[in-house]
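S.K.: Can you read through this structure? Questions will come right after.
Each value in this text was obtained by applying a stated rule to the coordinates, not by laboratory testing. On a predicted model such as this, the values are computed, not experimentally measured, just so you know. Glycine gets a Cβ as well: all are built from the backbone with ideal geometry, and neighbour counts include every protein chain shown.
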Amino acid sequence: MAVAPPAYADVLARIARAVQAAGRPAGDVTLVAVSKVQPWEAIAPVLAAGQKVFGENRVQEAEARWTERRGEIELRLIGPLQTNKAADAVAFFDVIETLDRDKLARVLADQVQKQGLRLRSYIQVNTGEEPQKAGVLPADADAFIAACRKTYSLEPEGLMCIPPLDEPAGPHFALLAKIAERNGLAKLSMGMSDDFETAIAFGATSVRVGSAIFGARKQT
Ligand SMILES: *Cc1c(COP(=O)(O)O)cnc(C)c1O
């Protein structure tokens, strides 16, 4: 395996330290390397160093970047999903982290049936109740989780959130953990480049880190 690029090695070390500081077992947190928009020259060394889990925001962009290497990695969709892309998303991704409404749950359930696949999913919660942001509102989360299980047989693994940019993230991570716990969901996808150590302290089981590994994203 190739030597890890310094920024990637640094993120791995910071995750390990945060896990230890939280009194959690080593390896308790999965790093999802967010490769959206990044040039292949930035991604290739991280892949070569052994990173196995990647996150992408858009179905078509992910297909363009990963189709040839699809078998080597676990791929997670972390951006909003339109129902007209649901069939492609179910076929291409291992995990969809942005399940957030009935219509999408229905279409995903149909596709799981049609394609005869198992789908790993997370429900996105809009913890900051931001109008422009995707995610089920905290007050509606319990009912939506129940509907995903009973009506759609989707068996979500956990919850995902993106806290507001201009607020401390801790209370949002705590809220997500509380909703997960009372609904018996084991997984928490929370924490990005600026706050993944905080997220780990609040119980994140996976962190989604892009720019701290690959550098700032170029505007598209
Ligand atoms: C882009 C993105 C990330 C990664 O953000 P960084 O700040 O670059 O680490 C994580 N989660 C989601 C949902 C994203 O869209």
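S.K.: Can you compute the helix-only [θ] at 222 nm over the chain? Use -39500 (n - 2.57) per DSSP H run of at least 4 residues, normalise by all residues, nearest 500 deg cm²/dmol. Mind showing how you got there, number by number?
M.R.: Numbers: 9 runs with 90 residues, N = 220.
Calculated mean residue ellipticity at 222 nm is -12000 deg cm²/dmol.
S.K.: Here is a further query. Taking θ = phi - 60°, what integer Hz values does the Karplus form 6.51 cos²θ - 1.76 cosθ + 1.60 yield along region 131-142, in sequence order, with x for Gly and Pro?
M.R.: Rounded to whole hertz, the list is x, 7, 9, 6, x, 6, 5, x, 5, 9, 5, 4.
S.K.: In nanometres, what is the gap between the two model label sites at A13 and R70, each 7 Å from Cα along Cα-to-Cβ?
M.R.: 3.7
S.K.: Something else: Could you list L12, L188 so that the one with the fewest beta carbons within 10 Å of its beta carbon is first and the one with the most is last?
M.R.: On the way: L12 17, L188 27.
Placing the least packed residue first, the sequence is L12, L188.
S.K.: Run down the lysines and flag those whose C-alpha is under 29 Å from the C-alpha of K114, throwing out any fewer than 8 positions away in its chain.
M.R.: Qualifying lysines at Cα under 29 Å: K36, K52, K85, K103, K150, K187.
S.K.: Could you order peptides 51-63, 164-176 by the average number of other Cβ atoms within 10 Å of their residues, highest first? Before the final figure, lay out each step's value.
M.R.: Details: 51-63: 19.1, 164-176: 16.2.
The densest-packed peptide leads the list: 51-63, 164-176.
S.K.: Calculate log10 I(q)/I(0) of the chain for q = 0.11, 0.16 Å⁻¹, where I(q) comes from the Debye formula with a single equal point scatterer on each Cα and nothing for solvent.
M.R.: -0.52, -1.13
S.K.: Next question, about the same structure. Per 0.36 nm of contour for each residue apart, how much would the distance between D110 and S153 grow if the chain were fully extended, relative to their Cα-Cα spacing?
M.R.: Values: separation 43, 0.36 × 43 = 15.48 nm, distance 1.03 nm.
Full-extension gain reported as 14.4 nm.
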